[in-house]
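Worksheet for the structure shown next.
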Amino acid sequence: MNIQNLQSSLSNNQAYLIISAENRRYLTGFPSSAGYLLTTQNEAFFLIDSRYFEAAKKAVNECEVVLLTDFSKQLDGYIKIFGIKKLFLEGESLSVAKAESVKKICGCECDFEKADKEISALRRTKTEDEKKKILAAQSIAEKAFNHILSFIKEGVTEREIALTLDFFMLRNGAEDISFQTIAVSGKNSSMPHGVPSDKKIEKGDFITMDFGAVVDGYHSDMTRTVAVGEVSSKQAEVYETVLSAQKGCLEILGAGVSCKAADAAARDVIKAAGFGEFFGHGTGHGVGIEIHEAPTLNPRSGETLGIGDVVTVEPGVYLPGEFGVRIEDMAFITENGYENLTKSPKNLIIL
Ligand SMILES: [Mn+2]
């Protein structure tokens, strides 16, 4: 179905040559470290080497699976057989060297923009099946969050927290973790994408954990900030501000809402509380086959939310040298609103 959808954007004598691992997986459903998908208006060929050929033959049925032996010769053959005059390639992910080499082999006009644009638009809108995969990934992450609440205490290190989350997710069905898990505490929590260190958790620390699982190629993404022992009134104030900002954005989500307005709904709450300069990143991003994909919720975004988008909502406040707070859910956009794919509690948890 995905390949057919892509083919509908082609005219006669045009073809896509898809090389990136993410787009190959999205279009064929088959994960592999190398390979090519060539689609004309009516034909599609998945060229894959002997390491994957047998498995791909069994798994892929939306296109012809061809043993990749000599890419130059095979591509040249398709160009001639189908009289291809224009080839669309993924400019955003191709290396310059690869682009130059394909240009030389095909000898026809090459376009490096349309492929990224069309596939990104298709990938944005999640089907029921894709939503199920993201939910399956999210449910593993939520179990890991429950588990980590009983693990966190004074004396354990940030690295131990990150590793425990990772092991739990992989042990419970994740094929991978979504990205390098963030677990930062105390003063380190003011660095939004800080790297877990050997710092031990102390009484009064905020601990921010940003993590996710991958199921069938689909990612989940969540962030929670919890405290140990006690919190100051300033910590409580910042936490409540971030939580109100997060809820403020969620409240307005729905098809037809501009991504800029969604960002502003969170950002304005933080500004009004006097912490505007301490929220430097965008409010959210799309999630799917990649951890960051279209659309983007930030002040410069020109996109509009549509039914089937899956976006994160993750405002934060980071006070350098003091502490930081971020709260992140994933939302599935519906006609009149959204479905929150994240069920973990958001009230301030003090362990
Ligand atoms: Mn995120």
Practice task
Using Cα centres only, tell me the gap between segment 273-297 and segment 73-133 in whole Å.
Solution key: 28 Å
Practice task
Write down the percent of antiparallel bridges among all DSSP beta bridges whose residues are both part of segment 1-92, to the nearest 5.
Solution key: 50 percent
Practice task
Please work out the FRET efficiency for the pair residue 172 and residue 149, using the Cβ-Cβ distance as r and a Förster radius of 22 Å; give the result to the nearest 0.05.
Solution key: 0.90
Practice task
Under a 10 Å cutoff between Cα atoms, tell me which one of 305, 37, 149 has the largest fluctuation in the Gaussian network model of the chain.
Solution key: 149
Practice task
On a 0 to 90° scale, report how tilted helix 96-106 is relative to the longest principal axis of the chain, with both axes built from alpha carbons and the result rounded to the nearest 10.
Solution key: 20 degrees
Practice task
Calculate, in nm to one decimal, what residue 336 and residue 43 gain on full extension: separation in residues at 0.36 nm each, minus their alpha carbon distance.
Solution key: 101.7 nm
Exercise for the section: Compute the acute angle (0 to 90°) between the alpha-carbon long axis of helix 114-124 and the principal axis of greatest extent of the alpha-carbon atoms of the chain; round to the nearest 10°. Expected result: 50 degrees
Problem - Using a Förster distance of 25 Å, the FRET efficiency for residue 304-residue 112 (Cβ separation, nearest 0.05) - result: 0.50
Exercise for the section: Take the cross-link list 203/343; 73/103; 153/200 and give me the ones stretching past 18 Å between alpha-carbons. Expected result: 203/343
Handout entry: Of all accessible heavy-atom area on segment 1-153, the percent that carbon and sulfur account for (1.4 Å)
Key = 50 percent
Practice task
Could you work out how far apart the two model spin labels at residue 98 and residue 255 are, taking each label as a point 7 Å from the Cα in the direction of the beta carbon, and quote it in nm?
Solution key: 3.5 nm
Fill in the blank from the handout: Rounded to the nearest 5, the percent of antiparallel DSSP beta bridges in the chain equals 80 percent
Exercise for the section: Might you tell me the accessible area per residue for segment 230-322, computed with a 1.4 Å probe and given in Å²? Expected result: 38 Å²
Exercise for the section: Rounding to the nearest 20 debye, state how big the charge dipole of segment 19-139 is about its Cα centre with +1 on each Lys and Arg Cβ and -1 on each Asp and Glu Cβ. Expected result: 160 debye
Completion exercise
Here the residues of segment 1-39 lying in the modelled label zone of residue 125, meaning backbone nitrogen under 18 Å from a point 7 Å along Cα-to-Cβ, are 1-10, 26-27
Handout entry: At R0 = 22 Å, FRET efficiency that the Cβ-Cβ distance of residue 351 and residue 180 yields, to 0.05
Key = 0.40
Practice task
Determine, for each peptide in 82-95, 237-250, the mean count of other beta carbons within 10 angstrom over its residues, then list the peptides with the highest first.
Solution key: 237-250, 82-95
Exercise for the section: Note the full-extension length gain between residue 319 and residue 58 as 0.36 nm times their separation in residues minus their Cα-Cα distance, in nm to one decimal. Expected result: 88.6 nm
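The values are calculated or read from the model by the stated rules, or taken from the named source; none is laboratory data. What you see is a predicted model; the values in this text were computed from it and never measured. Virtual Cβ from ideal backbone geometry, glycine too; neighbours counted across all protein chains shown. Ligands, DNA and RNA are excluded from the accessible area calculation, which covers all protein heavy atoms including side chains. Shrake-Rupley method; radii C 1.70, N 1.55, O 1.52, S 1.80 Å.
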